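Enquirer: Sharing a structure here in structure tokens format.
Where a number appears in this text, it was derived from the coordinates with a stated rule and is not lab data. The shown structure was predicted, so the numbers you read here are calculated from the model rather than taken from an experiment. We place every Cβ from the backbone using ideal geometry, glycine too, and count neighbours over all the protein chains shown.
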Amino acid sequence: MTGLKPKQQYKMEALKDTLESSFIVFENDLNGEAHSPIHKIRQQAFQRFEKMGFPTKRDEEWKYTNLKPILKPNFRIFPGTENSIDFAHIKKYFLSDLDSYKLVFVDGVFSSWLSETTHDKFDICTFSSMLTKYQDVATRYFNQALPESESLSAVNTAFAKEGAFIRIKKNKVADKPIQLLFFTTEHGHEVMTQPRNLIVLEENAEAVITERHQSLSEHPVLTNSATEIFAHKNARLQYYKVQNDNDQASLIDNTSLVQYGHSNVGIGTFSFGNKFIRNNLNIFLREEHTETMMDGISVGSHKQHIDHHTLVDHKVPNCYSNELYKGIYDDAAKGVFNGKVMVHPHAQKTNAFQQNNNILLTDRSSVDTKPQLEIYADDVQCSHGCTIGQLDEEAMFYLKSRGIPEKEAKALLLYAFASDGLRNVKIAELRKKLNRQIAKKLHVNLDFEI
Amino acid sequence: MLKIKNLHAHIEGKEILRGINLEVKPGEVHAIMGPNGSGKSTLSSVIAGREDYEVSQGEIDFEGEDILDLEADERAHKGVFLSFQYPVEIPGVTVTNFLKTAINEMRKAQGLEPLPANKLLKKMREKMSLLEMDKGFLSRSLNEGFSGGEKKRNEIFQMAMLEPKLAILDETDSGLDIDALRVVANGVNKLRTKDNAVIVITHYQRLLDHIVPDYVHVLHQGKIVKSGDKNLALQLEEKGYDWLKAETAV
């Protein structure tokens, strides 16, 4: 930290201090739970964070993303009072035409009246109730997927208390999609929240999940979310992240997925909003014959910063991973893509594909894209490609010559460019919504969907 | 309908058109022929509004209005259509969505409501049968993976849908087999009325057997060096361009 200017150093230290004192308060409020094995994990995580501190641009993984300005506000770690919320104001953030299970949190607190849970054939409930009700689950899964080297997920682990818990039991199919919604309402204060989710799909189980974080506050909000997903043998999961928060909201999403034999998981990350987004998506393939699809569409404008860091860890043979991230950056927006694929010596017959394509609409927008393939096995098929380009002028002229004005022609081409990022979105209403969000970001009204 | 006067155009400092004069009236078919590099495609691009070319002198009047300051889309709204020599592939946009957008933008510019989906579909079906096209074609990505013949058919299909006043067919015959050429030419002929006009740009005579021109112009080194009726095209086919080059080299 010696290279930082004293004032900036002070600011980052300030948040660290706040977290340290908050952690003491947090521990005091735990009463008996403070002696549980789970809390030991929290304490260890906090110690790791204290040692590592916040990442700076000197860290290889944070070379292109400066966290300093994001950590600057004087964040509160706990919401001051419990805030009520009017459904009419937040309806638009739901997929409301959809019959679904819902887990809704307001300022870190579970809102039972906005939610629709179940314990019937599977558990769709809260992280806190999992901790008390299913200690075996907590011991088996809590903090088993997140890499220990990431200091922000360590902060989340230290304060892990509330969020979603989903467990689909063996041979069961979640009959409806599950929506996870996290609202921050706090007015007059800057808030940092630490939602913590645990998702377990047992053998041959199936689920579709959407996740969204939404600030209703006009002040800076920092969501430092962590999600651990375990897909057991033959499980099938589609997980969609909609990142379209307001321009004062920052999101650090730490998601780690562990896949066992023959499981099939798709993760879609759709980033349109927020002031700042950092996704740390880690996928660990522990058994053979898994399939993983990772798709992303990012549309950035103004001074937005959208950073995707992904890791696919091929530890065993015969696994398939396919990653496709598309980025469109306007104004002074900045994108980062760092896709790491590790193929270990024994992981023969690995099929790993990665593609990151970007379009820059202005001279001020930029993208840092870095595919990182480390392959230590010899009988594998791996490919990667990244492109950064502008709109094709010949195509623009073609569309304009058919009477399509410049703005619409541009949007049509950008739509077409982004379209395959939606290839795995199976929920019609979500598709429609994503289409609308893309159109809105591109300032057009095209009456068809991609 | 179209009046081009003393048109000069250049690209990257190189003058390609050097004083073109051309008048096209409603109902007429004009053929513009000429050797490679004579400026044929430049002329069609400049009329349609491609921005790469700079017009340094002269004017283009369309229906009594100078269109040189108009964008390509605005020219299209007035009724100018260019069938591309090399249609652009646009993955991710289906032919249907593309046409729907184009037609409704045209209608919007004319102050009309969007065409209802059923009417649009009906019209598409009609025009497709005119061009002997398969309906599976509508859901394909625009020009992506199309054969040369399919691309050209698609251009004429768009022309049929957009119903322009002036259609410029830029080397529509290149890359077409005999059957495709016949189908495309038939399509163009059936779309002709006394109110619209066609400019056929071609290197060879064969398309003009099917789309018979009222006037033939020969372009050479950026100028129209000779004009005549359809017999001029036959003469060119027989003698090549060299006799003209010799005649005009003075």
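Enquirer: State which helices in chain B qualify, where a helix is a whole DSSP H run, it must extend 15 Å or more along its own axis by its Cα atoms, and its mean Kyte-Doolittle hydropathy must be at least 0.0.
Expert: Both cut-offs are met by B:178-191.
Enquirer: Rounded to the nearest 20 Debye, what is the dipole magnitude of chain A about its Cα centre when Lys and Arg each give +1 and Asp and Glu each give -1 at the C-beta?
Expert: 300 debye
Enquirer: How much length would be gained if the chain were fully extended between B:Glu126 and B:Gln57, taking 0.36 nm per residue of separation minus their Cα-Cα distance, in nm to one decimal?
Expert: 20.6 nm
Enquirer: Would you calculate the separation in nanometres between label points at A:Ala428 and A:Glu374, each defined as 7 Å from the Cα along the Cα-to-beta-carbon direction?
Expert: 4.6 nm
Enquirer: Oh, and also: Can you tell me the dipole magnitude for the range A:392-450 around its Cα centre, using point charges on the Cβ only (Lys, Arg +1; Asp, Glu -1), in Debye to the nearest 20? It would help to have the intermediate numbers written out before the result.
Expert: On the way: 12 positive and 9 negative charges, 78 e Å.
Dipole about the Cα centre, nearest 20: 380 debye.
Enquirer: Right, here's the next one. In peptide A:403-415, what is the residue-averaged number of other protein chain Cβ atoms found within 10 Å of each Cβ?
Expert: 6
Enquirer: I'd like the distance separating the alpha-carbon centroids of the range A:278-326 and the range A:42-78, in whole Å.
Expert: 22 Å
Enquirer: Be a star and scan the range A:370-387 for residues whose amide nitrogen sits under 17 Å from the point 7 Å along the Cα-to-Cβ vector of A:Lys57.
Expert: none
Enquirer: Same structure, new question: At 222 nm, what helix-only mean residue ellipticity would chain A give, in deg cm²/dmol to the nearest 500, using -39500 (n - 2.57) for each DSSP H run of four or more?
Expert: Taken over chain A, the calculation gives -7000 deg cm²/dmol.
Enquirer: Give the residue from A:Ile77, A:Tyr64, A:Ala439 lying farthest towards the positive end of the charge dipole for the protein assembly as shown; charges sit on Cβ (+1 for Lys and Arg, -1 for Asp and Glu) and the dipole is referred to the Cα centre.
Expert: The residue sitting farthest along the positive end of the dipole is A:Ile77.
Enquirer: Using a Gaussian network model of chain A whose springs link C-alpha atoms within less than 10 Å, name the residue from A:Gly327, A:Gly421, A:Gly389 with the highest mean-square fluctuation.
Expert: The residue with the greatest mean-square fluctuation here is A:Gly389.
Enquirer: Follow-up. Quick check on my link table: of A:Lys172/A:Lys432; A:Lys92/A:Lys440; B:Lys78/B:Lys223; B:Lys5/B:Lys25, which ones sit more than 19 Å apart, alpha carbon to alpha carbon? If you can, show how the numbers build up before the last one.
Expert: Values: A:Lys172/A:Lys432 28 Å; A:Lys92/A:Lys440 15 Å; B:Lys78/B:Lys223 26 Å; B:Lys5/B:Lys25 15 Å.
Those over the limit are A:Lys172/A:Lys432; B:Lys78/B:Lys223.
Enquirer: In peptide B:37-49, how many Cβ atoms from other protein chains are near each Cβ within 10 Å, on average?
Expert: 1
Enquirer: Just to verify a number: FRET efficiency for B:Lys239 and B:Leu112, C-beta to C-beta distance, R0 = 45 Å, to 0.05?
Expert: Working from the Cβ atoms, E equals 0.35.
Enquirer: Using the basic label-point model (7 angstrom from Cα toward the beta carbon), what is the A:Asp247 to B:Arg140 distance in nanometres?
Expert: Taking the two extended label points, one gets 4.4 nm.
Enquirer: Same structure again: Which residue, A:Thr290, A:Thr362, A:Thr310, tops the fluctuation ranking in a GNM of chain A built on C-alpha contacts under 10 Å?
Expert: In this elastic network of chain A, the residue with the biggest mean-square fluctuation among A:Thr290, A:Thr362, A:Thr310 is A:Thr362.
Enquirer: When chain B is treated as a GNM, springs tying every alpha-carbon pair under 10 Å, which of B:Lys100, B:Lys230, B:Lys108 comes out with the largest mean-square fluctuation?
Expert: With Cα springs under 10 Å in chain B, the top fluctuation among B:Lys100, B:Lys230, B:Lys108 is at B:Lys108.
Enquirer: Averaged over peptide B:79-89, how many Cβ atoms belonging to another chain are found within 10 Å of each residue's Cβ?
Expert: 3
Enquirer: Counting every Cα pair in the protein assembly as shown, what percent are over 47 Å apart? Don't jump to the answer; show the numbers that get you there.
Expert: On the way: 82371 of 244650 pairs.
The proportion of pairs with Cα distances above 47 Å equals 34 percent.
Enquirer: Run the paramagnetic zone check for B:Glu74: 7 angstrom along Cα to Cβ, then residues of the range A:386-405 with backbone nitrogen under 17 Å.
Expert: The answer is A:397, A:400-405, whose backbone nitrogens lie closer than 17 Å to the label point.
Enquirer: When DSSP beta bridges are limited to those with both residues in the range A:6-287, what percentage is antiparallel, rounded to the nearest 5? The partial results should precede the final answer.
Expert: On the way: 9 of 73 bridges.
The antiparallel proportion sits near 10 percent.
Enquirer: For a paramagnetic label modelled at 7 Å from the Cα of B:Asn21 toward its Cβ, which residues of the range B:194-233 fall within the zone defined by backbone nitrogen distances under 19 Å?
Expert: B:215-229
Enquirer: The range A:393-450 to the range B:27-76: how many Å between their Cα centroids?
Expert: 30 Å
Enquirer: Moving on to the next point. Using the Cα centre as the reference, give the magnitude of the dipole from point charges on the C-beta atoms of the range B:2-248 (Lys, Arg: +1; Asp, Glu: -1; all else neutral), rounded to the nearest 20 debye. Please report the intermediate quantities before stating the final value.
Expert: Numbers: 33 positive and 39 negative charges, 153 e Å.
Charge dipole of the range B:2-248: 740 debye, to the nearest 20.
Enquirer: Moving to a separate point now. I'd like the distance separating the alpha-carbon centroids of the range B:180-196 and the range B:145-163, in whole Å.
Expert: 13 Å
Enquirer: Subtracting the Cα-Cα distance from 0.36 nm times the residue separation, let me have the gained length for A:Glu20 to A:Asp363 in nm, one decimal. Show your work: numbers first, answer last.
Expert: Numbers: separation 343, 0.36 × 343 = 123.48 nm, distance 4.21 nm.
Using 0.36 nm per residue and subtracting the Cα-Cα distance, I get 119.3 nm.
Enquirer: For labels at A:Trp113 and A:Glu13 in the simple 7 Å Cα→Cβ model, what's the distance in nm?
Expert: 4.6 nm
Enquirer: Using +1 at the Cβ of each Lys and Arg and -1 at the Cβ of each Asp and Glu in chain B, identify which of B:Asn143, B:Leu131, B:Leu22 lies farthest towards the dipole's positive end.
Expert: The one lying farthest along the dipole's positive direction is B:Leu131.
Enquirer: Another question, if that's okay. Grab the DSSP H runs of chain B that are 4 residues or longer, score each as -39,500 (n - 2.57), total them, divide by all residues and round the 222 nm result to the nearest 500 deg cm²/dmol.
Expert: -11500 deg cm²/dmol
Enquirer: Find which of B:Val93, A:Leu399, B:Gly222 sits farthest along the positive direction of the dipole of the protein assembly as shown, computed with +1 on the beta-carbon of Lys and Arg, -1 on that of Asp and Glu, about the Cα centre.
Expert: B:Val93
Enquirer: Here's another thing I want to ask about it. Relative to the present Cα-Cα distance, how much length would full extension add between A:Lys440 and A:Leu391 at 0.36 nm per residue of separation?
Expert: Working: separation 49, 0.36 × 49 = 17.64 nm, distance 1.88 nm.
Once the chain is fully extended between A:Lys440 and A:Leu391, it gains 15.8 nm.
Enquirer: While we're here: For the range B:2-248, give me the percentage of DSSP beta bridges that are antiparallel, rounded to the nearest 5 percent.
Expert: Numbers: 24 of 42 bridges.
Antiparallel: roughly 55 percent of the beta bridges in the range B:2-248.
Enquirer: Please report the antiparallel percentage of DSSP beta bridges with both residues in the protein assembly as shown, rounded to the nearest 5.
Expert: If I count the DSSP bridges inside the protein assembly as shown, around 20 percent turn out antiparallel.
Enquirer: Would you mind putting A:47-55, A:22-30, A:253-261, A:349-357 in packing order, based on average other-beta-carbon counts within 10 Å, highest first?
Expert: Numbers: A:47-55: 16.1, A:22-30: 13.9, A:253-261: 23.7, A:349-357: 20.4.
Final packing ranking: A:253-261, A:349-357, A:47-55, A:22-30.
Enquirer: Related question: Going by average Cβ neighbours within 10 Å, how do the peptides A:270-278, B:234-242 rank, with the highest at the top?
Expert: In decreasing order of mean packing, A:270-278, B:234-242 become A:270-278, B:234-242.
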